[in-house]
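Accompanying notes for the structure given below.
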């Protein structure tokens, strides 16, 4: 059972933690670009009277804001960040309950190892279904 916990559960927790952090960073990066460039558009548009190249710069800012928001929407970074974080926390919770023999693992009459494996695999497989649905929804939105 220790091997399963190490190779499967802790490995999956690490993977989901890492992916969640990556998606969060991408979300904040893209959202920051969107906000900053959107705020600068009216400011630079007002400066066109002083220097005509601000018109080109203003157009560039608008395009950059649109691209950043489109990438964020297309790749669903916020949804993935939340989903990966949720799965990591569910797996951590399950592991802690198992190690402390709490909750459903409190029953000495049942095979807690089997229950643990079933519950962990259910969490992981349900995430795989959610991932497929998330990607199918983005394909249907085209």
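The values are calculated or read from the model by the stated rules, or taken from the named source; none is laboratory data. Just so it is clear, the structure is predicted and the values come from calculations on it, not from any experiment. Because the Cβ atoms are built from the backbone with ideal geometry, glycine has one as well, and the counts that use them run over all protein chains shown.
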Notebook entry, point to check: Among the residues of the range 54-76, is any in contact with a helix residue (DSSP H, G or I) (Cβ under 9 Å, 6 or more places away or on another chain), within 22 Å of residue 124 (Cβ to Cβ) and outside any helix (DSSP H, G or I)?
Noted result: yes
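Can you name every residue in the range 105-126 that is in a helix (DSSP H, G or I) and either modelled with pLDDT under 80 or over 29 Å from the mean Cα position of the chain (by Cα) (or both)?
The initial filter retains those residues of the range 105-126 that are in a helix (DSSP H, G or I), namely 105-106, 112-126.
Result: 105, 106, 112, 113, 114.
Quick check: anything in the range 53-67 out of contact with any strand residue (DSSP E or B) (no Cβ under 8 Å at 6 or more places or on another chain), under 30 Å from residue 16 (Cβ atoms), without any contact (Cβ under 8 Å) to a residue 60 or more places away in the chain and surrounded by 16 or more Cβ atoms within 10 Å (Cβ to Cβ)? Walk me through how you get there before you give the answer.
Filtering the range 53-67 for residues out of contact with any strand residue (DSSP E or B) (no Cβ under 8 Å at 6 or more places or on another chain) gives 53-67.
Next cut, under 30 Å from residue 16 (Cβ atoms) only: 67.
In the following step, the residues that additionally are without any contact (Cβ under 8 Å) to a residue 60 or more places away in the chain were identified as 67.
So of that shortlist, the ones also surrounded by 16 or more Cβ atoms within 10 Å (Cβ to Cβ) come out as none.
Checked the range 53-67: no residue is out of contact with any strand residue (DSSP E or B) (no Cβ under 8 Å at 6 or more places or on another chain), under 30 Å from residue 16 (Cβ atoms), without any contact (Cβ under 8 Å) to a residue 60 or more places away in the chain and surrounded by 16 or more Cβ atoms within 10 Å (Cβ to Cβ).
Being surrounded by 13 or more Cβ atoms within 10 Å (Cβ to Cβ) and without any contact (Cβ under 8 Å) to a residue 24 or more places away in the chain is the filter; apply it to the range 10-42 and report the residue that is farthest from residue 60 (Cα to Cα). Spell out the reasoning first.
Initially, the range 10-42 is screened for residues surrounded by 13 or more Cβ atoms within 10 Å (Cβ to Cβ), giving 10, 12-13, 15-17, 19-24, 26-31, 33-38, 40-41.
In the following step, the residues that additionally are without any contact (Cβ under 8 Å) to a residue 24 or more places away in the chain were identified as 15, 21-22, 28-29, 35-36, 40.
On the way: 15: 37, 21: 30, 22: 27, 28: 21, 29: 18, 35: 14, 36: 13, 40: 11 Å.
My answer is 15.
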Margin query: Going through 79, 89, 94 one at a time, which residue ends up being part of a helix (DSSP H, G or I), under 17 Å from residue 127 (Cβ atoms) and without any contact (Cβ under 8 Å) to a residue 12 or more places away in the chain?
Written below: 89
Checklist line | Hits in the range 1-25 - residues which are in a helix (DSSP H, G or I), under 13 Å from residue 98 (Cβ atoms) and touching a helix residue (DSSP H, G or I) at 6+ places or on another chain (Cβ under 6 Å) | finding: 9, 13
